[in-house]
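Right, one structure below, let's go through it.
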Amino acid sequence: MKHMFKAIATAAGLTLAGQAGAQDIVVVAHGQANDPFWSVVKNGVAKAGEDTGANVEFRSPETFDMVQMSQLIDAAVNQEPDGLVVSIPDADALGPSIQRAVEAGIPVISMNSGSDVAHELGAHLHVGQSEYDAGKAAGQELAEMGGTKAICVNQEVGNVSLDQRCEGFAEGFGNPVDVVPTQNDPTEVQSKVRAALESDPDVDTVLGLGASLVGEPAVAAAEALGRDDLLIASFDLSAGFLEAIADGKAAFAIDQQQFLQGYLPVTFLALNAQYGLMPGGDVPSGPNLITQDKAAQVIELSAQGIR
(Lines give C-alpha, C1' and ligand atoms only; values in the text may rest on other atoms or scores of the structure.)
Protein backbone atom coordinates (compact mmCIF):
# COMPACT_ATOMS: atom_id res chain seq x y z
CA MET A 1 0.00 0.00 0.00
CA LYS A 2 1.39 3.40 -0.96
CA HIS A 3 2.27 5.93 1.73
CA MET A 4 1.77 9.55 0.75
CA PHE A 5 4.71 11.76 1.67
CA LYS A 6 4.14 14.91 3.71
CA ALA A 7 6.12 18.12 3.45
CA ILE A 8 8.17 17.77 6.62
CA ALA A 9 11.79 18.28 7.64
CA THR A 10 13.45 16.12 10.27
CA ALA A 11 16.97 15.43 11.46
CA ALA A 12 17.04 12.29 9.35
CA GLY A 13 15.53 13.54 6.15
CA LEU A 14 13.78 16.11 4.06
CA THR A 15 10.53 15.46 2.25
CA LEU A 16 9.91 17.44 -0.90
CA ALA A 17 6.21 17.36 -1.63
CA GLY A 18 4.97 16.61 -5.13
CA GLN A 19 1.53 16.05 -6.56
CA ALA A 20 -1.06 13.65 -5.21
CA GLY A 21 -0.97 10.41 -7.20
CA ALA A 22 2.55 11.14 -8.43
CA GLN A 23 5.49 8.76 -8.19
CA ASP A 24 6.97 8.20 -4.73
CA ILE A 25 10.78 8.12 -4.66
CA VAL A 26 13.09 7.86 -1.65
CA VAL A 27 16.74 8.94 -1.68
CA VAL A 28 19.02 7.57 1.05
CA ALA A 29 22.53 9.04 1.10
CA HIS A 30 25.44 8.73 3.51
CA GLY A 31 26.40 12.41 3.44
CA GLN A 32 26.30 14.32 6.70
CA ALA A 33 24.23 17.43 7.21
CA ASN A 34 27.30 19.62 7.83
CA ASP A 35 28.86 18.77 4.46
CA PRO A 36 28.17 21.46 1.82
CA PHE A 37 28.74 18.88 -0.92
CA TRP A 38 25.54 17.06 -0.02
CA SER A 39 23.48 20.22 0.03
CA VAL A 40 24.13 20.42 -3.72
CA VAL A 41 23.00 16.80 -4.14
CA LYS A 42 19.82 17.67 -2.20
CA ASN A 43 19.27 20.63 -4.50
CA GLY A 44 19.45 18.29 -7.48
CA VAL A 45 16.96 15.93 -5.84
CA ALA A 46 14.60 18.82 -5.13
CA LYS A 47 14.84 20.13 -8.69
CA ALA A 48 14.09 16.68 -10.11
CA GLY A 49 11.02 16.40 -7.88
CA GLU A 50 9.89 19.81 -9.05
CA ASP A 51 10.46 19.01 -12.73
CA THR A 52 8.86 15.55 -12.68
CA GLY A 53 6.11 16.19 -10.11
CA ALA A 54 7.31 13.19 -8.08
CA ASN A 55 7.02 13.01 -4.29
CA VAL A 56 10.66 12.77 -3.22
CA GLU A 57 12.05 12.20 0.25
CA PHE A 58 15.75 12.71 1.02
CA ARG A 59 17.14 10.88 4.07
CA SER A 60 20.62 10.61 5.55
CA PRO A 61 22.18 9.60 8.88
CA GLU A 62 23.27 12.39 11.20
CA THR A 63 26.85 11.07 11.12
CA PHE A 64 28.78 8.64 8.91
CA ASP A 65 26.92 5.66 10.37
CA MET A 66 26.34 2.58 8.21
CA VAL A 67 24.05 0.91 10.75
CA GLN A 68 21.74 3.90 10.77
CA MET A 69 21.94 4.19 6.98
CA SER A 70 20.95 0.55 6.52
CA GLN A 71 17.98 1.16 8.83
CA LEU A 72 16.94 4.15 6.71
CA ILE A 73 17.06 1.95 3.60
CA ASP A 74 14.99 -0.73 5.35
CA ALA A 75 12.41 1.88 6.35
CA ALA A 76 12.25 3.12 2.76
CA VAL A 77 11.63 -0.42 1.49
CA ASN A 78 8.75 -0.78 3.93
CA GLN A 79 7.11 2.27 2.31
CA GLU A 80 7.02 0.47 -1.05
CA PRO A 81 8.08 3.49 -3.12
CA ASP A 82 8.19 3.57 -6.92
CA GLY A 83 11.96 3.92 -6.79
CA LEU A 84 14.93 4.05 -4.42
CA VAL A 85 18.16 6.01 -4.84
CA VAL A 86 21.13 5.04 -2.64
CA SER A 87 24.77 5.88 -2.22
CA ILE A 88 26.92 2.85 -1.37
CA PRO A 89 30.02 3.83 0.64
CA ASP A 90 30.16 0.38 2.30
CA ALA A 91 28.72 -2.52 0.30
CA ASP A 92 29.21 -5.05 3.11
CA ALA A 93 27.14 -2.98 5.52
CA LEU A 94 24.46 -1.79 3.10
CA GLY A 95 24.26 -4.68 0.64
CA PRO A 96 21.61 -6.75 2.46
CA SER A 97 19.26 -3.76 2.76
CA ILE A 98 19.72 -2.82 -0.90
CA GLN A 99 19.14 -6.41 -2.01
CA ARG A 100 15.97 -6.47 0.09
CA ALA A 101 14.70 -3.53 -1.95
CA VAL A 102 15.52 -5.29 -5.21
CA GLU A 103 13.82 -8.50 -4.05
CA ALA A 104 10.74 -6.45 -3.19
CA GLY A 105 10.57 -5.29 -6.80
CA ILE A 106 11.63 -1.70 -6.09
CA PRO A 107 13.80 -0.21 -8.87
CA VAL A 108 17.13 0.93 -7.40
CA ILE A 109 19.67 3.39 -8.79
CA SER A 110 22.93 4.10 -6.99
CA MET A 111 24.71 7.43 -7.03
CA ASN A 112 27.94 9.02 -5.88
CA SER A 113 29.61 5.94 -4.39
CA GLY A 114 29.39 2.24 -5.16
CA SER A 115 29.96 2.11 -8.91
CA ASP A 116 32.02 -1.08 -8.52
CA VAL A 117 29.29 -2.99 -6.63
CA ALA A 118 26.03 -1.42 -7.80
CA HIS A 119 25.18 -3.95 -10.49
CA GLU A 120 26.17 -6.88 -8.29
CA LEU A 121 23.66 -5.66 -5.69
CA GLY A 122 20.91 -5.34 -8.29
CA ALA A 123 20.90 -1.61 -9.08
CA HIS A 124 19.76 -0.67 -12.58
CA LEU A 125 22.63 1.79 -13.02
CA HIS A 126 25.02 4.14 -11.25
CA VAL A 127 25.34 7.92 -11.59
CA GLY A 128 28.73 9.20 -10.46
CA GLN A 129 32.42 9.04 -11.22
CA SER A 130 35.11 6.40 -10.82
CA GLU A 131 36.78 7.66 -7.67
CA TYR A 132 39.99 5.70 -8.23
CA ASP A 133 40.37 6.98 -11.78
CA ALA A 134 39.58 10.54 -10.68
CA GLY A 135 42.25 10.32 -7.98
CA LYS A 136 44.71 8.92 -10.48
CA ALA A 137 44.04 11.77 -12.93
CA ALA A 138 44.59 14.30 -10.12
CA GLY A 139 47.87 12.63 -9.18
CA GLN A 140 49.13 12.64 -12.74
CA GLU A 141 48.24 16.32 -13.18
CA LEU A 142 49.93 17.38 -9.93
CA ALA A 143 53.05 15.36 -10.76
CA GLU A 144 53.23 17.07 -14.16
CA MET A 145 52.96 20.41 -12.34
CA GLY A 146 56.11 19.54 -10.39
CA GLY A 147 54.86 17.86 -7.23
CA THR A 148 57.34 15.47 -5.60
CA LYS A 149 55.91 14.61 -2.14
CA ALA A 150 52.26 14.78 -1.13
CA ILE A 151 49.65 14.35 1.55
CA CYS A 152 46.11 13.16 0.84
CA VAL A 153 43.76 14.58 3.48
CA ASN A 154 40.84 12.20 4.13
CA GLN A 155 37.98 13.57 6.26
CA GLU A 156 36.01 10.31 6.21
CA VAL A 157 38.37 7.33 6.51
CA GLY A 158 36.37 4.13 5.99
CA ASN A 159 34.28 5.59 3.20
CA VAL A 160 35.43 3.33 0.38
CA SER A 161 35.01 6.04 -2.24
CA LEU A 162 37.26 8.47 -0.39
CA ASP A 163 39.83 5.77 0.30
CA GLN A 164 39.84 4.99 -3.43
CA ARG A 165 40.54 8.63 -4.22
CA CYS A 166 43.72 8.55 -2.14
CA GLU A 167 44.73 5.18 -3.60
CA GLY A 168 44.27 6.39 -7.16
CA PHE A 169 46.08 9.61 -6.33
CA ALA A 170 49.09 7.68 -5.01
CA GLU A 171 49.31 5.65 -8.22
CA GLY A 172 48.93 8.63 -10.53
CA PHE A 173 51.33 10.82 -8.53
CA GLY A 174 54.08 8.21 -8.62
CA ASN A 175 55.91 9.83 -5.70
CA PRO A 176 55.61 9.48 -1.90
CA VAL A 177 52.07 10.08 -0.56
CA ASP A 178 50.96 10.04 3.09
CA VAL A 179 47.30 9.90 4.08
CA VAL A 180 46.31 12.41 6.78
CA PRO A 181 43.04 11.34 8.47
CA THR A 182 40.74 14.01 9.91
CA GLN A 183 37.14 14.55 10.97
CA ASN A 184 34.50 16.66 9.21
CA ASP A 185 35.78 19.78 10.96
CA PRO A 186 37.52 22.51 8.93
CA THR A 187 39.32 23.80 12.05
CA GLU A 188 40.78 20.37 12.73
CA VAL A 189 41.69 19.96 9.06
CA GLN A 190 43.59 23.25 9.01
CA SER A 191 45.45 22.29 12.17
CA LYS A 192 46.39 18.83 10.88
CA VAL A 193 47.48 20.10 7.47
CA ARG A 194 49.62 22.77 9.10
CA ALA A 195 51.17 20.18 11.42
CA ALA A 196 51.94 17.87 8.49
CA LEU A 197 53.60 20.69 6.56
CA GLU A 198 55.62 21.84 9.57
CA SER A 199 56.79 18.31 10.38
CA ASP A 200 57.94 17.62 6.81
CA PRO A 201 59.00 20.68 4.78
CA ASP A 202 59.58 18.43 1.74
CA VAL A 203 55.80 18.08 1.27
CA ASP A 204 54.97 20.28 -1.70
CA THR A 205 51.56 18.89 -2.72
CA VAL A 206 48.21 18.62 -0.91
CA LEU A 207 45.13 16.80 -2.18
CA GLY A 208 41.89 17.35 -0.32
CA LEU A 209 38.82 15.14 -0.72
CA GLY A 210 36.27 17.92 -0.17
CA ALA A 211 36.57 21.59 -1.15
CA SER A 212 34.85 23.26 1.82
CA LEU A 213 35.96 20.82 4.49
CA VAL A 214 39.54 20.26 3.29
CA GLY A 215 40.48 22.41 0.29
CA GLU A 216 39.74 25.79 1.89
CA PRO A 217 41.38 24.92 5.25
CA ALA A 218 44.45 23.61 3.36
CA VAL A 219 44.78 26.95 1.55
CA ALA A 220 44.47 28.74 4.90
CA ALA A 221 47.18 26.53 6.43
CA ALA A 222 49.51 27.22 3.52
CA GLU A 223 48.93 30.97 3.80
CA ALA A 224 49.58 30.90 7.56
CA LEU A 225 52.95 29.24 6.91
CA GLY A 226 53.84 31.44 3.95
CA ARG A 227 53.97 28.35 1.70
CA ASP A 228 53.00 29.91 -1.63
CA ASP A 229 55.02 27.17 -3.35
CA LEU A 230 52.47 24.49 -2.41
CA LEU A 231 50.37 22.74 -5.03
CA ILE A 232 46.89 22.41 -3.56
CA ALA A 233 44.01 20.60 -5.27
CA SER A 234 40.71 19.25 -4.02
CA PHE A 235 37.83 17.10 -5.02
CA ASP A 236 34.51 18.90 -5.45
CA LEU A 237 33.71 22.59 -5.49
CA SER A 238 32.99 25.47 -3.15
CA ALA A 239 32.84 29.18 -3.86
CA GLY A 240 35.79 29.78 -1.52
CA PHE A 241 38.02 27.14 -3.09
CA LEU A 242 37.12 28.28 -6.60
CA GLU A 243 38.16 31.79 -5.60
CA ALA A 244 41.48 30.37 -4.39
CA ILE A 245 41.96 28.73 -7.79
CA ALA A 246 41.07 31.95 -9.61
CA ASP A 247 43.57 33.83 -7.43
CA GLY A 248 46.34 31.29 -8.08
CA LYS A 249 46.39 30.03 -4.48
CA ALA A 250 45.21 26.54 -5.51
CA ALA A 251 45.87 24.45 -8.61
CA PHE A 252 42.51 22.93 -9.52
CA ALA A 253 39.33 21.24 -8.31
CA ILE A 254 37.96 17.87 -9.42
CA ASP A 255 34.29 18.39 -10.22
CA GLN A 256 31.98 15.37 -10.19
CA GLN A 257 28.88 17.52 -10.78
CA GLN A 258 27.02 16.21 -7.75
CA PHE A 259 23.90 18.16 -8.68
CA LEU A 260 23.46 15.58 -11.46
CA GLN A 261 23.91 12.77 -8.92
CA GLY A 262 20.80 14.00 -7.16
CA TYR A 263 18.85 15.10 -10.21
CA LEU A 264 19.32 12.27 -12.71
CA PRO A 265 18.45 9.19 -10.57
CA VAL A 266 15.19 10.77 -9.40
CA THR A 267 14.32 11.76 -12.96
CA PHE A 268 15.15 8.31 -14.31
CA LEU A 269 13.03 6.57 -11.66
CA ALA A 270 10.10 8.92 -12.22
CA LEU A 271 10.23 8.23 -15.96
CA ASN A 272 10.54 4.51 -15.29
CA ALA A 273 7.46 4.52 -13.06
CA GLN A 274 5.45 6.53 -15.57
CA TYR A 275 6.65 5.18 -18.92
CA GLY A 276 8.88 2.18 -18.23
CA LEU A 277 11.95 4.07 -19.47
CA MET A 278 15.44 3.43 -18.09
CA PRO A 279 18.92 4.21 -19.48
CA GLY A 280 20.87 1.18 -20.60
CA GLY A 281 24.07 1.89 -18.67
CA ASP A 282 25.87 3.89 -16.02
CA VAL A 283 26.07 7.68 -16.31
CA PRO A 284 29.47 9.27 -15.55
CA SER A 285 28.92 12.66 -13.93
CA GLY A 286 32.67 13.38 -13.73
CA PRO A 287 35.52 13.97 -13.32
CA ASN A 288 36.17 17.41 -14.76
CA LEU A 289 39.20 19.47 -13.75
CA ILE A 290 38.35 23.08 -12.93
CA THR A 291 41.54 25.10 -13.44
CA GLN A 292 42.25 28.82 -13.11
CA ASP A 293 40.89 29.65 -16.55
CA LYS A 294 37.52 28.04 -15.70
CA ALA A 295 37.10 28.84 -12.01
CA ALA A 296 35.58 32.29 -12.33
CA GLN A 297 32.80 30.91 -14.56
CA VAL A 298 31.44 28.55 -11.91
CA ILE A 299 31.93 30.55 -8.69
CA GLU A 300 28.43 32.04 -8.78
CA LEU A 301 26.81 28.68 -9.57
CA SER A 302 28.71 27.09 -6.70
CA ALA A 303 27.49 29.80 -4.34
CA GLN A 304 23.94 29.05 -5.55
CA GLY A 305 24.31 25.37 -4.67
CA ILE A 306 24.29 24.11 -8.27
CA ARG A 307 27.99 23.41 -8.93
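The values are calculated or read from the model by the stated rules, or taken from the named source; none is laboratory data. The structure presented is a predicted model; accordingly, all values stated were derived computationally and were not measured. Glycine gets a Cβ as well: all are built from the backbone with ideal geometry, and neighbour counts include every protein chain shown. Keep in mind that these areas ignore ligands, DNA and RNA; they rest on the heavy atoms of the full protein, side chains included. Shrake-Rupley method; radii C 1.70, N 1.55, O 1.52, S 1.80 Å.
With the cut-off at 31 Å, report for the chain the share of all Cα pairs above it, as a whole percent. Roughly 29 percent, rounded to a whole number. If R0 is 35 Å, the Cβ-Cβ spacing of Glu198 and Thr63 corresponds to a FRET efficiency of close to 0.70.
The radius of gyration of the Cα set in region 69-143, together with its Dmax, comes out at 14.2, 50 angstrom.
Using all alpha carbons of region 157-270, what is the percent of pairwise distances in each 10 Å bin, ordered from the shortest bin to the longest? In order of increasing distance, the bins hold 13, 44, 31, 8, 3, 0 percent. Restricting the calculation to Cα atoms, region 124-179 shows an Rg/Rh of 1.03 when the hydrodynamic-style radius is the Kirkwood one.
Axis angle, to the nearest 10 degrees, between helix 292-303 and the longest C-alpha principal axis of the chain: 40 degrees. Taken about its Cα centre, the chain carries a charge dipole of roughly 820 debye when the Cβ of each Lys and Arg holds +1 and the Cβ of each Asp and Glu holds -1. Per-residue accessible area (protein heavy atoms, 1.4 Å probe) orders Asp51, Asp24, Asp116 as Asp116, Asp51, Asp24, starting from the largest. Between 0 and 90 degrees, the angle of helix 66-78 with respect to the longest Cα principal axis of the chain falls at about 20 degrees. At a Förster radius of 30 Å, what calculated FRET efficiency corresponds to the Cβ-Cβ distance of Asn175 and Gln304, to the nearest 0.05? My answer for the efficiency is 0.20.
Using a cut-off of 21 Å between Cα atoms, the listed pairs Lys42/Lys249; Lys192/Lys294; Lys192/Lys249 include Lys42/Lys249; Lys192/Lys294 as exceeding that distance.
Take Glu120 and Tyr275, extend 7 Å from each Cα along the Cα→Cβ direction, and tell me the distance between the two endpoints in nm. Inter-label distance under the simple model: 3.4 nm. Take the Cβ atoms of Ala93 and Met145, set R0 to 30 Å, and the FRET efficiency comes out at 0.20. Other residues whose C-beta falls under 9 angstrom from the C-beta of Lys149 contribute a net charge of -4, scoring Lys and Arg +1 and Asp and Glu -1. Quarter the surface of the alpha carbon convex hull of region 163-230 and you get the mean projected area, 4.3 square nanometres.
Computed from Cα atoms, the angle from the helix 258-275 axis to the main principal axis of the chain rounds to 20 degrees. With a 1.4 Å probe rolled over the protein heavy atoms of all chains, the accessible area of Thr63, Thr182, Thr52 falls in the order Thr63, Thr52, Thr182, largest first. Distance from the Cα centroid of region 234-307 to that of region 167-213 is 23 Å (rounded to whole angstrom).
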